[in-house]
Amino acid sequence: MKALITGGTSGIGYGVAQQLAAQNWDVTIVGRNQLRGEQIAKEINGRFRQADLSLMSETNMLAANISEPVDALILCAGALIDEKTSTTKEGLEPTFALNYLSRFVLSQQLLDRITPNGRIIMVSGNGKHKNSSTDWQAQQSGFAAAFKAALAVDLYAAEFARRNNSAQIHTCYPGWVKTNLLQNTAFPMQLMTNLFASSIAKGSSYLVRLTTADHKTVHWNKAKPMTFSPPLPYQEEASRLWDYSQQLVEEITAVS
């Protein structure tokens, strides 16, 4: 069985790679850090592909270079960027680009390489979208940007599952986990994370569970079906997001 894991050089992605490799999966990890990626690939007897997934040109190139069948596409790459004026060189808000748009691009571009009844699993947020914006073009930062990207992932997954019947589509909130995601937040948040967050191995196990066994529910909060608060603003908003994402990626690809 073959898995392709983004964000595989740290955090949840690294934990998933370790656990699947221990179950004799053929694992390929994706990340920006070449040295770290090659070290981990050697550790798990897997492979590494370098890409900056905040850039859609590199995300598209990664997808184009994947020719072999994939049994599980596990999309974990993410960041929390607090620079209010930050944009990628493609002009995108970086958290939205990495946390959501890279998932859209890879899952669409690689769908024909997913084996029958294969999995596409996306790390998402905790399902609390009360203050999340649906102004997809608006520039945001920090937690506001992360919340918007998490809502986008949930909406996209719901619509993707509705349109697709060849692969199992899942999102998973792995809980509060001791990853590097919050390393640039205020000290009290870092301290709380170190004291109370669960281990990477525990958080990763929820995604491994979805990878290795059949589950019909799309959205998961750890090992339980997700309850959204408020209810997901589906389906009109999901369709609008899909069209916007497709148009945006096409525009970027045309000039890159």
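From the residues in the stretch 173-197 that are at pLDDT 65 or above and open to solvent by 40 Å² or more (accessible area, probe 1.4 Å), which one is nearest to F228 (Cα to Cα)?
Once the filter is applied, the top-ranked residue is Y173.
Listed here are the residues, each with its yes/no results for (1) in contact with an Asp or Glu (Cβ under 7 Å, 6 or more places away or on another chain); (2) of a type in the set (V, I, T).
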residue	(1), (2)
N24	no, no
V30	no, yes
F48	yes, no
I66	no, yes
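Of everything listed in (1) surrounded by fewer than 21 Cβ atoms within 10 Å (Cβ to Cβ); (2) touching an Asp or Glu at 6+ places or on another chain (Cβ under 7 Å), the single unmet condition for A145 is (1). Among all residues of the stretch 163-172, there is none that is open to solvent by 20 Å² or more (accessible area, probe 1.4 Å), at pLDDT 95 or above and within 23 Å of E93 (Cα to Cα). Considering only the stretch 203-243, state which residues are of a type in the set (F, W, Y) and open to solvent by 50 Å² or more (accessible area, probe 1.4 Å). The answer is Y234, and nothing else. Cβ contacts < 9 Å: first residue farther than 14 Å from G125 by Cα, restricted to the stretch 206-231; second residue open to solvent by 80 Å² or more (accessible area, probe 1.4 Å) and hydrophobic (A, V, I, L, M, F, W, C), any location; separation 6+ or different chain. Result? Sorted first by the residue in the stretch 206-231, then by its partner, the pairs are T211/M1; T212/M1. Pairing residues of the stretch 51-71 that are closer than 22 Å to G118 by Cα with residues that are at pLDDT below 95 and surrounded by 18 or more Cβ atoms within 10 Å (Cβ to Cβ), at Cβ distances under 9 Å and at least 6 apart in sequence or on separate chains, gives T59/V249; N60/V249; N60/I252.
The residue pairs whose first member lies in the stretch 103-117 and is charged (D, E, K, R), whose second member is part of a strand (DSSP E or B), and whose beta carbons are closer than 6 Å, counting only pairs six or more residues apart or on different chains, are R103/L75; R103/M122; R113/V70.
Filter the stretch 10-20 down to the residues that are of a type in the set (S, T, N, Q) and assigned to a helix (DSSP H, G or I), then identify the one that is least open to solvent (accessible area, probe 1.4 Å).
Q19
Filtered by the rule that a residue be among the aliphatic types (A, V, I, L, M) and part of a loop (DSSP other than H, G, I, E, B), the stretch 208-238 gives A213, V218, A223, M226, L232.
Taken over the stretch 41-66, the criterion of being open to solvent by 30 Å² or more (accessible area, probe 1.4 Å) and closer than 27 Å to N24 by Cα is satisfied by K42, E43, N45, R47, F48, R49, Q50, A64, N65. Those residues that are open to solvent by 40 Å² or more (accessible area, probe 1.4 Å) and either touching a strand residue (DSSP E or B) at 6+ places or on another chain (Cβ under 8 Å) or at pLDDT 95 or above (or both), I need them from the stretch 85-109; list them, please. Residues satisfying the conditions are Q108, Q109. I'd like to know if the stretch 74-83 contains one or more residues that are among the charged types (D, E, K, R), modelled with pLDDT of 95 or more and surrounded by fewer than 22 Cβ atoms within 10 Å (Cβ to Cβ). No, the stretch 74-83 has no match at all.
The values are calculated or read from the model by the stated rules, or taken from the named source; none is laboratory data. What you are looking at is a predicted structure, and each value in this text was computed from that prediction instead of being measured. Glycine also receives a Cβ, built like all others from the backbone with ideal geometry; neighbour counts cover every protein chain displayed. For the accessible areas, the whole protein counts, side chains as well, though only heavy atoms, and no ligand, DNA or RNA atoms are used. Shrake-Rupley method; radii C 1.70, N 1.55, O 1.52, S 1.80 Å.
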